[in-house]
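The values are calculated or read from the model by the stated rules, or taken from the named source; none is laboratory data. Please read these numbers as outputs of a predicted model, since none were measured by experiment. We place every Cβ from the backbone using ideal geometry, glycine too, and count neighbours over all the protein chains shown. Note: accessible area is taken over every heavy atom of the protein model, side chains too, but ligands, DNA and RNA are not part of it. Shrake-Rupley method; radii C 1.70, N 1.55, O 1.52, S 1.80 Å.
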Amino acid sequence: MQTKPEKDTELRDKVNRETARLPWSELIKHFAAGTVVWVADELDLVDVAVRISHDDKQNIATWMAEGKIAKVNDQQAQTWLETNANLWACVVSPFILVQEEKRKVH
């Protein structure tokens, strides 16, 4: 029986431990291979990774339709390269999910 994504604490902990900040320059080769997926900063990167691991098609389709997850486009890649951006990244094979640092709300 498959665990519900929101209850899968073991996978959530594993993904959280494997999430790291990386310079975009280290991810360019993966971008060229088409395997880097951008996650909007209003979503929780670890939650998205867990839901992709569980093949949660409903939430993934909703987020894609809302423009909250998408393959990284050329403009994003160029901007991150020009600004030497550091991104949060985690691997959900075959994808690498990336997210910009959350904006500080004052």
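Computed with a 1.4 Å probe over protein heavy atoms only, the accessible surface of the chain comes to 66 Å² per residue. Set against the 2.2 N^0.38 Å expectation for a compact globular protein, the chain has a Cα radius of gyration ratio of 1.06. Working from Cα pairs under 8 Å separated by at least six residues, relative contact order for the chain is 40 percent. For the stretch 6-47, the alpha-carbon coordinates run over 34, 20, 17 Å along the three principal axes, in decreasing order.
Ignoring lysines fewer than eight residues from Lys7 along the same chain, the ones with Cα atoms less than 19 angstrom from its Cα are Lys57. The phi torsions of the stretch 48-64, fed into the Karplus equation with coefficients 6.51, -1.76 and 1.60 and a -60° offset, translate into couplings of 4, 4, 4, 5, 5, 4, 8, 6, 7, 4, 4, 5, 4, 4, 4, 4, 5 Hz, rounded to whole numbers, with Gly and Pro shown as x.
The local environment of Asn84, defined by Cβ-Cβ distances under 14 Å, has a net charge of -3 under the rule Lys, Arg +1 and Asp, Glu -1.
Based on DSSP H segments of at least four residues, each scored -39500 (n - 2.57), the chain has a per-residue ellipticity at 222 nm of -11000 deg cm²/dmol.
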